[in-house]
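Novice: Please find one structure pasted underneath; my questions will follow.
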Amino acid sequence: MPFPKALMCATALVCGLPVIAQAQTPDAPASRQVIPYDQAFFSAFQVQSALDMVNRVPGFTLKNVDQVRGFAAAAGNVLIDGQRPTSKSDSLNDILNRIPAGTVERIDLIIGGAEGIDMQGQTQVVNIIRKASAKPTLTVIANARFLSNGWVKPTGRITYSRNAGDKTLELSATVFNSFDEEASPGDKTVYPTNGSPPRRTQILSEAGGKGVELNAIASHPLWGGKLTVNGKWTPDTYTGNYRFITDTTAVENLDYSEDLREGGFQYVRPLGKVFTLKLNGLSKYTHEEGDDLYISPSEETRFREDSVEKENIVSGQLIWTRSERLTYEVGLEKAYNSRDSDTGLTVNGVAVDLPASRVKVEEDRTEASFLATWRATPALSVETGLKYEWSTLSQTSERPDEKRFGYAKPKVQVTWSPKGPWQYLLRVERVLGQLDFDDFVSSIDLMDSTVKAGNVSLEPDKRWETELNASYRFWDKGALVLKYIHKDVSDVIDRVPIVAADGSVFDAKGNIGDGTAEEIGATLTLPMDRFRIPGGLLKFNGSVFLSEVTDPVTKEKRRLSRQTETDWLLEFSQDLPVRRTQWGFSVWNGYDEKVYRASEISYARGSAKLNLFAEYKPTPKLLWRVELNNLPGRVYDYDRVRYDGDRATGTVRALELTRNRSKPWLFIRVRKEL
């Protein structure tokens, strides 16, 4: 849809809503777009946390969203007591896992929108309504991963929570150990095209991380409203050790550390009977250090990086509930983001010049918004709005630059819920992409001798998104959701060649022009009771992805880099309340990605993955869980077709085939509420 046409449609709907709404009868019944699921619905399941409950909501898929612009849509598709989580770095899985199921009164599934609900840019959200109780809850979780190489990776968490209605407090501390499943033993074979014999390398690798995570969230009445504050601190490290064995042996040692700190607040206050004020603030600081050392009999290569990233956001919204069916919202958001990075590469003690090795990137952004929501009838609602963004993107490097942008982002969303099991949704929206400041800075993969240059000329991609969504609900616990999303993208971000000052050609992310992308997806929640499997539940979530862009090197049409063609997950579980047990399995199809670089094409594949689990709940507050993961053992492929020169004019000089084979591992967890 051309921009002027969509903008006129959005503006017309915004201006016309008051007139249309006033012509409706004032005593319309409640919207049919809110589907409540109370404790009685979840009683047939062995749920222990709010995460377990959300995963049982028919037709709903949890979305963790972090790479988004600003604060508004960063919380994904979950609300807690009508408010979005205040943290931007805390995953929804962790937030929900810290809420005991017994403290939840009900969960509302909201499709399209509802009165007093911030949809956060999503077509569906769940609102978790908690019980008010003066009694605190203390939850202890201990788990361990047992690996085939003898490693044991324990993790422990303790959470204190208290919800006394208008006063809440949650404290949690986690000590974690992790491992990198893809860093598994394997082999690499290089087949030169000049007739030389193949070169085979045995790869022995181990990698993992450890760290601490501290979280605090508190809310309290203040000046006639409610203030919620949060804080998070996560220091962690990652270590990788690799050996490459041919006629000789080379080693690579990678050490990485991260220090993440975040604080934020949210204040909500009614102003009279029809106005509500929302204020938000967030400050995030991340310091990363990396040291990658490669040593062979003839070479010693070291790559070091040191970066500091900051994000500061303040925003406010004023909501006017003009009637039960018409709501207006105006908002203003101010954000400052920066990343200051310093990288260095040495080969045998000699420094190598890299493009964009020392870069400071800053973004100063202001966004104004207007949103109108009209619940025309119990079956029909319309949400339309307009956001306008002013931003300045500057970078300090060997090529300092500053750019100013202005973007209008209209949106129209219509939800129709006729009588019967079907619901339909149409969304048309202009979306501005999120820049990753890492792409402005050079990096290197010593294992593959691949330098990825920084690109100081990056701009965010812009896209018109059209979404069609249809959902069908059946058998109380069943649902089928079908969706189709089309994107017309300008300034697509993909791989481009970058020429350094000395004439060397590197590969980097850059804007390559216009393109299109499509997603066709389905989500199925199928109760199995009618198939003589009492307590059984089958869930499927899958999508097919299509795209077309023009390759900047060959000028031919192709797919987007790193876009897998299909992505699906099949899950089965059976609750046996009499035996106080639950068991099940999940199958993920893996991934198959292709990246088009300046002088090579690389392929990354991960085979299908099967997990089995069983749970035993001897008491309502004690749960044991055992998992067998990664069955029968995944294979990771990383292949490269390398050219002598660029892909358009050069010839293939070598094929590289790398296979890493991971093994199954055992997971045991115990969860106890005190």
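Novice: Out of S133, S148, S178, which single residue is more than 29 Å from the chain's Cα centre (by Cα), among the small types (G, A, S) and within 30 Å of S662 (Cβ to Cβ)?
Specialist: After ruling out the rest, the residue left standing is S148.
Novice: Do the conditions hold for S184, that is, is it open to solvent by less than 50 Å² (accessible area, probe 1.4 Å), within 30 Å of R642 (Cα to Cα) and not aliphatic (A, V, I, L, M)?
Specialist: yes
Novice: Let me ask something else about it. Restricting the search to segment 632-665, which residues are surrounded by fewer than 18 Cβ atoms within 10 Å (Cβ to Cβ), of a type in the set (A, V, I, L, M, F, W, C) and within 26 Å of the chain's Cα centre (by Cα)?
Specialist: V635, the sole residue that qualifies.
Novice: Let me ask something else about it. Considering only segment 612-631, I want to know if a residue exists there that is farther than 28 Å from K539 by Cα and open to solvent by less than 30 Å² (accessible area, probe 1.4 Å).
Specialist: Looking for residues that are farther than 28 Å from K539 by Cα and open to solvent by less than 30 Å² (accessible area, probe 1.4 Å), one finds none in segment 612-631, hence no.
Novice: Inside segment 188-225, can you point out the residues that are open to solvent by less than 50 Å² (accessible area, probe 1.4 Å) and either among the charged types (D, E, K, R) or in contact with a helix residue (DSSP H, G or I) (Cβ under 7 Å, 6 or more places away or on another chain) (or both)?
Specialist: Matches in segment 188-225: K188, E213.
Novice: Something else: Would you mind stating whether G433 is open to solvent by 30 Å² or more (accessible area, probe 1.4 Å) and among the small types (G, A, S)?
Specialist: No.
Novice: Listed residues L254, L277, L271; which is over 30 Å from Y160 (Cβ atoms) and either polar (S, T, N, Q) or touching a Lys or Arg at 6+ places or on another chain (Cβ under 6 Å) (or both)?
Specialist: The conditions single out L277.
Novice: Only one of these conditions is not met by S338: (1) under 16 Å from L435 (Cα atoms); (2) at pLDDT 95 or above; (3) among the hydroxyl-bearing types (S, T, Y). Which number is it?
Specialist: (2)
Novice: Assess whether G406 counts as being without any contact (Cβ under 8 Å) to a residue 40 or more places away in the chain, open to solvent by 20 Å² or more (accessible area, probe 1.4 Å) and closer than 14 Å to K462 by Cα.
Specialist: Considered against the rule, which asks whether it is without any contact (Cβ under 8 Å) to a residue 40 or more places away in the chain, open to solvent by 20 Å² or more (accessible area, probe 1.4 Å) and closer than 14 Å to K462 by Cα, G406 comes out as yes.
Novice: Could I ask something else about it? Could you count how many residues in segment 568-595 are closer than 30 Å to T554 by Cβ, in contact with an Asp or Glu (Cβ under 8 Å, 6 or more places away or on another chain) and open to solvent by 50 Å² or more (accessible area, probe 1.4 Å)?
Specialist: Total satisfying the criteria: 1.
Novice: Is segment 244-251 home to any residue that is open to solvent by 50 Å² or more (accessible area, probe 1.4 Å), without any contact (Cβ under 8 Å) to a residue 12 or more places away in the chain and either closer than 20 Å to E182 by Cα or acidic (D, E) (or both)?
Specialist: yes
Novice: May I ask you to verify whether R339 is basic (K, R), closer than 18 Å to D255 by Cα, assigned to a strand (DSSP E or B) and touching a residue at least 12 places away in the same chain (Cβ under 8 Å)?
Specialist: In short, no.
Novice: Identify all residues within segment 255-275 that are open to solvent by less than 40 Å² (accessible area, probe 1.4 Å) and either over 25 Å from the mean Cα position of the chain (by Cα) or among the aromatic types (F, W, Y) (or both); write none if there are none.
Specialist: If the condition is that a residue be open to solvent by less than 40 Å² (accessible area, probe 1.4 Å) and either over 25 Å from the mean Cα position of the chain (by Cα) or among the aromatic types (F, W, Y) (or both), then Y267, V268 are the ones that fit.
Novice: Considering each of S196, S257, S184, S205 in turn, give the residue that is part of a strand (DSSP E or B), farther than 30 Å from A173 by Cβ and among the polar types (S, T, N, Q).
Specialist: S205
Novice: Give segment 32-48 a look and list any residue that's buried (at least 19 other Cβ atoms within 10 Å of the Cβ), under 23 Å from L576 (Cα atoms) and at pLDDT below 90, or say none.
Specialist: F45, Q46, V47, Q48, listed by residue number.
Novice: Hey, another quick one. List, please: which pairs have Cβ atoms under 7 Å, are six or more places apart or on different chains, and start with a residue in segment 537-559 that is farther than 20 Å from I520 by Cα and end with one that is modelled with pLDDT under 95 and among the basic types (K, R)?
Specialist: Short answer, once both residue conditions are applied: V553/R647; T554/R647.
Table: residues versus (1) on the phi > 0 side of the Ramachandran plot; (2) touching a Lys or Arg at 6+ places or on another chain (Cβ under 6 Å).
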residue: G112; (1), (2): yes, no
residue: I129; (1), (2): no, yes
residue: K135; (1), (2): no, no
residue: R145; (1), (2): no, yes
residue: W151; (1), (2): no, no
residue: G156; (1), (2): no, no
residue: Y160; (1), (2): no, no
residue: T168; (1), (2): no, no
residue: S172; (1), (2): no, yes
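Novice: To continue, here is another question. Cβ contacts < 9 Å: first residue within 15 Å of E311 (Cα to Cα), restricted to segment 363-379; second residue at pLDDT below 90 and part of a loop (DSSP other than H, G, I, E, B), any location; separation 6+ or different chain. Result?
Specialist: Between residues of segment 363-379 that are within 15 Å of E311 (Cα to Cα) and residues that are at pLDDT below 90 and part of a loop (DSSP other than H, G, I, E, B), the close pairs are E363/L435; R365/R69; R365/G70.
Novice: Only one of these conditions is not met by E258: (1) free of Cβ contacts under 8 Å to residues at least 60 places away in the same chain; (2) over 30 Å from R634 (Cα atoms); (3) touching an Asp or Glu at 6+ places or on another chain (Cβ under 6 Å). Which number is it?
Specialist: Unmet for E258, out of (1) free of Cβ contacts under 8 Å to residues at least 60 places away in the same chain; (2) over 30 Å from R634 (Cα atoms); (3) touching an Asp or Glu at 6+ places or on another chain (Cβ under 6 Å): (2).
Novice: Taking the condition of being of a type outside the set (S, T, Y) and not in a strand (DSSP E or B), how many residues in segment 311-336 meet it?
Specialist: The number of residues fulfilling the criteria is 3.
Novice: Let me ask something else. Considering only residues that are hydroxyl-bearing (S, T, Y), over 30 Å from T321 (Cα atoms) and in a strand (DSSP E or B), which ones fall in segment 260-310?
Specialist: Correct list: S283, Y285, T286, Y294, S296, T301, S307.
The values are calculated or read from the model by the stated rules, or taken from the named source; none is laboratory data. Only a predicted model underlies this, so the values are computations on that prediction, with no experimental measurement involved. Cβ atoms come from the backbone with ideal geometry, glycine included; neighbour counts cover every protein chain shown. Accessible surface areas use protein heavy atoms only, side chains included; no ligands, DNA or RNA. Shrake-Rupley method; radii C 1.70, N 1.55, O 1.52, S 1.80 Å.
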